[in-house]
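Okay, structure first, notes after.
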Amino acid sequence: METLEYFLPQVWFVILAFFLFLYVMLDGFDLGVGILSLTSSDEERRSILMTSLSNIWDANETWLVLMGGGLFGAFPLAYATILNALYIPIFLMIFGFIFRGVAFEFRELSNRKLFWNFAFGAGSFIAALGQGFALGAVLAGINVDDTGHFIGTTWDWLNIPSVLVALTLIQGYVLIGSTYLIWKTTGELQETHYKTAKIAAWTTLIGAIFITITTPIIYENTRSRLFEQPLVYIFAVIPLVGVLLIWQLLKSLNRKQERAPFILTILLFVLSFIGLGLIVFPYIIPNKITIYQAAADPSSLVIMIIFIGFLIPVMLFYNLYQYIVFRGKVTGGSYGE
């Protein structure tokens, strides 16, 4: 039983990290395309952007729902504490989801699309901003008592590090959204997003550098974690690999490659998640509550693993099937080969 109490929380930590990564990767380019739609110069371009998402965007958010449900079942203490501490960022995220979801559907039926176009872009931006604030606040640490219950204030999440994380996350979404549109579009619109991808690559890199430098300076626990043996060698390699990937990304954009920029951006997200996971583990609320303290009963974790074991392959197949079916270029508001 002691082995299960030690092993099962680790398994669920990996599962939740997997759900979060798939959500950030898949819905990330949705949000990025939504934000980029605010810069579209005419209705034809905006229609192409919307069409590129029309058959896939709502399924991408399923991974966030799975992550929320998994967190509630596997780590109920962390779920209650995080939601209590992050009401406003989470409300912003949900409000953004609702706003862009309604706008997406109403836009198709409306003769005057200007308001709904803005609503979709603004909703995407608000949702990304809420996620960035939530991520920044969790990484900074939530103020809890000895039992793991939130004892902070309503505005604890709003600080300089969380603002920096939010702005960098938005730039990351714009980057993956731009590289997705490079893959899916042609002509002048594709050329435009080669340019937005280059800008977003540089701004994301600058934000990542600031976060990498300031986080160890501000947070002592993170600083000590970064210099632990043998993690110090891993953390030394991750920034170097990140710079190499950015260099390859910029080179692929200069060469006007179509698929390589998107793949390299995904690899950047993978690298970021590996770094964050190594910094956070074994905490579910960084530097406060470990996964072992917050975990549910082992029998509950086993039952949930059995259920999730059937669900994950179905969800992966469904997502993969969507992308295969709608793999063509988007031209003039429709899919083509």
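The values are calculated or read from the model by the stated rules, or taken from the named source; none is laboratory data. All of these numbers come straight from a predicted model, not from anything done at the bench. Don't worry about glycine lacking a Cβ; one is built from the backbone with ideal geometry, like all the others, and counts go over all protein chains shown. Calculation scope for accessible area: heavy atoms of the full protein, side chains included, ligands and nucleic acids excluded. Shrake-Rupley method; radii C 1.70, N 1.55, O 1.52, S 1.80 Å.
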Per the chain, sqrt(5λ) over the Cα gyration tensor eigenvalues, sorted largest first, in Å, gives 34, 23, 20
Each label sits 7 Å from Cα toward the beta-carbon; between residue 55 and residue 236 the label points are separated, in nm, by 5.0 nm
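Per 0.36 nm of contour for each residue apart, how much would the distance between residue 42 and residue 11 grow if the chain were fully extended, relative to their Cα-Cα spacing? Mind dumping the intermediate values first?
Details: separation 31, 0.36 × 31 = 11.16 nm, distance 4.82 nm.
Taking 0.36 nm per residue and subtracting the Cα distance, the gain is 6.3 nm.
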Rounded to the nearest 10 degrees, what's the angle between the helix 2-37 long axis and the longest principal axis of the chain, both from Cα atoms, 0 to 90? 20 degrees
Accessible carbon and sulfur surface of the range 1-61 relative to its total accessible area, %, 1.4 Å: 62 percent
Any chance you could give the angle, 0 to 90 degrees and rounded to 10, that helix 231-254 forms with the longest Cα principal axis of the chain? 0 degrees
For residue 46, tell me the accessible area in Å² from a 1.4 Å probe, rounded to the nearest 10. 40 Å²
For residue 65 and residue 292, calculate 0.36 nm times their separation in residues minus their Cα-Cα distance, and state this gained length in nm to one decimal. 79.4 nm
Take the Cα radius of gyration of the range 88-137 and divide it by 2.2 N^0.38 Å, with N its residue count; two decimals is plenty. 1.22
Residue among 291, 151, 176 with the largest mean-square fluctuation in a Gaussian network model of the chain, springs linking Cα atoms under 10 Å: 151
Reachable aspartates and glutamates from residue 251, criterion Cα separation under 19 angstrom, eight or more residues apart if same chain: 191
Mind giving me the FRET efficiency for residue 317 and residue 153? R0 is 45 Å, r the Cβ-Cβ distance, nearest 0.05 is fine. 0.50
How do 278-288, 295-305 rank on mean C-beta neighbours within 10 Å, highest first? 278-288, 295-305
For the chain, with only Lys/Arg (+1) and Asp/Glu (-1) charged at the beta-carbon, what is the dipole magnitude about the Cα centre, in debye rounded to 20? 1060 debye
Using a 1.4 angstrom probe, figure out how much accessible area the range 1-81 has per residue, in square angstrom, rounded to the nearest whole. 39 Å²
Would you kindly give the portion of the calculated P(r) for the range 140-240 that falls above 21 Å, as a percent of all Cα pairs? 54 percent
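Give me the orientation-averaged projected area of the Cα convex hull of the range 55-187, in nm², one decimal. Can you show the working numbers first?
Numbers: hull surface 39.6 nm².
Average projection, Cα convex hull of the range 55-187: 9.9 nm².
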Under 19 Å from the residue 80 label point (7 Å along Cα→beta-carbon), backbone N, the range 281-302: 284-286, 288-301
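Would you mind classifying the range 209-326 by shape? Square roots of the alpha carbon gyration tensor eigenvalues, ordered a ≥ b ≥ c; an a/c under 1.5 is rounded, otherwise it is prolate if a/b is larger than b/c and oblate if not.
On the way: a/c = 3.20, a/b = 1.06, b/c = 3.03.
Note, shape of the range 209-326 comes out oblate.
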With θ taken as phi - 60° and the coefficients 6.51, -1.76 and 1.60, list the Karplus ³J(HN,Hα) couplings across the range 111-126 in order, rounded to whole Hz; mark glycine and proline as x. 7, 10, 8, 4, 5, 6, 4, 5, 4, 5, x, 5, x, 5, 5, 5
Ordering of 140-146, 111-117 by burial proxy (mean other Cβ atoms within 10 Å per residue, highest first): 140-146, 111-117
